[in-house]
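Q: Here it is, the structure, as structure tokens.
The values are calculated or read from the model by the stated rules, or taken from the named source; none is laboratory data. Note that the coordinates shown come from a computational prediction; the quantities given were computed from them, not determined experimentally. Here the Cβ positions follow ideal geometry from the backbone for every residue, glycine too, while neighbour counts run over all protein chains shown. Just the protein is used for accessible areas: all its heavy atoms, side chains included, with ligands, DNA and RNA removed. Shrake-Rupley method; radii C 1.70, N 1.55, O 1.52, S 1.80 Å.
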Amino acid sequence: PFTAWWGDFERAGAELRQAAERRQDLASQAELMELRSELVQRSAMDAFSDAGTAEEAQARLGAEAQDLENRALGLVGHYEEQRFKTSDLWYRLGGLERTLEETTDPAARKALERQLPGLQQEYAAEDQRRDRLWAEVEETWARSFERSLLSHEHGDRARRIRREAERLFKEADERRQRARQLKAEADAAAREEAAAAQRQAQLLERAAREFG
């Protein structure tokens, strides 16, 4: 009888140790998985915030690009007006120079020669103004294009970050579910541990009755 009891007692002790080890291991895994879930969740929230920042930059740069584009179009209008004015002066200057070449009357030539420097200076000034306007148009378009490119880059970055944030949120949820599963398994192991402890206690009570 004692040998059989001792065998039962040893088995109960082994079951108790195994259940305790399993409970502790599962509880540790559940705690670690929960911690990892929280870390991934924080990373997801940070990524989501970064995506929002990138989207704000995209919108701001896009608006700046549009404003510059509108300004460039307005400058093109001014440039066209200036081009017409410069062309008109060019034709007038050319006509005056041809008239001067063809005129033989000294008095008429003298009158034309007095007009020539003023018209030449006026044409040179307006031609320079036309060139400055076109340079401003090109510079404004370049700035608009640069901001448009940056806006698209921030938009692409925002989409990539948002996809990564969604992936991290999903991973965090999966880890939370796994943590709950491990906790449930740890609770089951705890019940097994309690049952093994009860069997061991019952065996001790039996030994006290039968062998005491």
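Q: Please count how many residues of segment 25-80 are under 30 Å from Leu182 (Cβ atoms) and open to solvent by less than 40 Å² (accessible area, probe 1.4 Å).
A: Looking only at that region, the number is 7.
Q: For segment 15-73, which residues satisfy the criterion of being among the basic types (Lys, Arg) and under 21 Å from the mean Cα position of the chain (by Cα)?
A: Arg42, Arg60, listed by residue number.
Q: Based on this model, can you work out whether Thr99 counts as at negative phi and in contact with a Lys or Arg (Cβ under 6 Å, 6 or more places away or on another chain)?
A: Criteria not met by Thr99.
Q: Separate question: Please go through segment 148-161 and give me each residue that is open to solvent by 60 Å² or more (accessible area, probe 1.4 Å) and not hydrophobic (A, V, I, L, M, F, W, C), ordered by number.
A: Result: His152, Glu153, Asp156, Arg157, Arg159, Arg160.
Q: More than 30 Å from Leu203 (Cα to Cα), touching a His at 6+ places or on another chain (Cβ under 9 Å) and among the acidic types (Asp, Glu), is that true of Glu55?
A: Against the criterion (more than 30 Å from Leu203 (Cα to Cα), touching a His at 6+ places or on another chain (Cβ under 9 Å) and among the acidic types (Asp, Glu)), Glu55 qualifies.
Q: Of the residues Phe2, Phe9, which is open to solvent by less than 100 Å² (accessible area, probe 1.4 Å) and in contact with a helix residue (DSSP H, G or I) (Cβ under 7 Å, 6 or more places away or on another chain)?
A: Only one candidate passes the filter, namely Phe9.
Q: Could I ask something else about it? Only residues that are without any contact (Cβ under 8 Å) to a residue 12 or more places away in the chain, under 60 Å from the mean Cα position of the chain (by Cα) and open to solvent by 80 Å² or more (accessible area, probe 1.4 Å): list them for segment 89-108, please.
A: Once the filter is applied, which keeps residues that are without any contact (Cβ under 8 Å) to a residue 12 or more places away in the chain, under 60 Å from the mean Cα position of the chain (by Cα) and open to solvent by 80 Å² or more (accessible area, probe 1.4 Å), segment 89-108 yields only Tyr91.
Q: Then there is this: Return the only residue of Glu192, Glu122, Glu210 being in contact with a helix residue (DSSP H, G or I) (Cβ under 9 Å, 6 or more places away or on another chain), modelled with pLDDT of 95 or more and of a type in the set (D, E, K, R).
A: Every option except Glu122 fails the conditions.
Q: Would you say Glu174 is surrounded by 13 or more Cβ atoms within 10 Å (Cβ to Cβ) and without any contact (Cβ under 8 Å) to a residue 40 or more places away in the chain?
A: Criteria met by Glu174.
Q: OK, next. Quick one: which of Arg209, Arg180, Arg191, Arg167 is in a helix (DSSP H, G or I), farther than 29 Å from Gly13 by Cα and open to solvent by 80 Å² or more (accessible area, probe 1.4 Å)?
A: Of the residues listed, the single one that is in a helix (DSSP H, G or I), farther than 29 Å from Gly13 by Cα and open to solvent by 80 Å² or more (accessible area, probe 1.4 Å) is Arg167.
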